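Participant: What follows is a single structure, and I will ask about it in a moment.
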Amino acid sequence: MLHPRMAVLRLLAALAWGGLASVPALAQLPASPQASLIVPYPAGSAFDITARKIQPELGRALNKTVVVENFGGASGSIGAQRLLSADPGHLNMLLGSANELALPPLVLSGVKYKPEDFRLVAHLSTGVLAVMARPDLPAKSLEELIAAARRQGAAPVSIANVGLGSIFHIAAMDLAGKSNMAVTHVPYKGGAPAMQDLMGRQVDLTILPLIPPYIQAAREKKIRVLAILGPTRHGAVPEVPSVDEIPAVKGSHYSMWTGLFVPSRSPLPSAEVVGKAANAIVASPGFQAWVEERGNSAGAVMDLDQAAAFYRGESERFQKIAGDIGLERQ
């Protein structure tokens, strides 16, 4: 007998797919047999891994060949702008969040788009961020690092940041400000190159989503995980404290959610078809299990109105955080 939760998930998936089962529904999409799924970070990043997970099933549901395209850099704004400038004769989608769509316009003078230029059609997953250190860092814990950095004459701590004004940059600024720790921000185009330099002992710290490759790197002692930026410890690294266990940075909670977006100018029927296809994936037991295995939480199944309200709330929250820490436009 199916577990009640699994039965509900399968029912949700069937209901979501039901709206796509007819040719008229798929006819709402652009005629081109190819669709683009843009990832605003390099290959190997957390977003890229999620994109490639949903790519085959999304393609089958939409009856198109979905191609993942990586456009990293500028806090994710290059990928976001790519979505807006892509040929509207093709189906163009973006795997992103408020991090790439709400923050860059606040801090990068070259970014001209606005959060409302994008429509969220599905909330895929949410994952916690973690503070990670080079393997030979003398400090064995975040508390020890903060104490050492506060000593007179101490050199600034170098932090690899994936994009100026990104959530990773903001989290680093928040931690540094609360702990009175001098830091040097080192910009990177994506998590993969930042992690390579962390393992190569070129930088002291980075803040990124805690995904399986990084958990494995910690187990192999290629990096060290110093803290979880959430209220509780993480099941994959139970020995690592939450920031709420560290008085200087208590309450510094940061998570990274992923969503599927289309341009807001896309016809509503087309957005609805893509949203139903993606929500069927989110509700499926296989995707739920995959997300949970990674220590993350699967997204909530939403209609377009619910997705719009969620995205608007997240954008406003990110904008407030940026204002609270004094992030300036450059």
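Participant: Please compute the Kirkwood hydrodynamic radius of the range 31-155 from all pairs of different C-alpha atoms, in Å with one decimal.
Facilitator: 17.0
Participant: If you take the alpha carbon radius of gyration of the range 163-203 and divide it by 2.2 N^0.38 Å, what ratio comes out, to two decimals?
Facilitator: Ratio of Rg to 2.2 N^0.38 Å for the range 163-203: 1.21.
Participant: For the range 171-229, just the Cα set please: Rg and Dmax, both in angstrom.
Facilitator: Rg, Dmax (Cα atoms, Å): 11.8, 31.
Participant: On to the next question. Amide H to amide H, which residues 5 or more places from PHE118 or on other chains are under 5 Å from it, using H placed in the peptide plane?
Facilitator: SER264
Participant: Where the centroid of each part is defined by its Cα atoms, how far is the range 80-122 from the range 229-266 in Å?
Facilitator: 23
Participant: Which one of GLN152, PRO238, VAL186 is farthest out on the positive end of the charge dipole of the range 128-249, using unit charges on Cβ (Lys, Arg +1; Asp, Glu -1) and the Cα centre as origin?
Facilitator: Result: VAL186, furthest along the dipole toward the positive end.
Participant: If I take all pairs of Cα atoms in the range 182-330, what percentage of them are more than 29 Å from each other?
Facilitator: 32
Participant: Could you calculate, for the range 111-154, the ratio of the Cα radius of gyration to the Kirkwood radius, expressed as Rg to Rh?
Facilitator: 1.30
Participant: Here's something else I'd like to know. Using every alpha carbon pair in the chain, what percent of pairs falls into each 10 Å bin from 0 up to the bin containing the largest distance?
Facilitator: Going from the shortest bin to the longest, the percentages are 6, 26, 33, 22, 10, 2, 0.
Participant: Want the number for GLU245 to SER85: 0.36 nm per residue separation, take away the alpha-carbon distance, what's left?
Facilitator: 53.1 nm
Participant: At q = 0.12, 0.14, 0.15 Å⁻¹, what log₁₀ I(q)/I(0) does a Debye calculation on the Cα points of the range 128-249 give, no solvent, two decimals?
Facilitator: Results for the range 128-249 at q = 0.12, 0.14, 0.15 Å⁻¹ read -0.37, -0.51, -0.59.
Participant: Something else: Normalised by the residues of the chain, what does the relative contact order come to in percent, with Cα pairs under 8 Å and at least six apart?
Facilitator: That works out to 27 percent.
Participant: Sort ASP48, ASP324 so that the residue with the fewest other Cβ atoms within 10 Å of its own Cβ comes first and the one with the most comes last.
Facilitator: Lowest count first: ASP324, ASP48.
A short reminder: the numbers here are calculations on the coordinates, not readings from a lab. Quantities reported herein were computed from a predicted structural model and do not represent experimental measurements. When we count neighbours, we look across all protein chains shown, and the Cβ atoms used for this are built from the backbone with ideal geometry, even at glycine.
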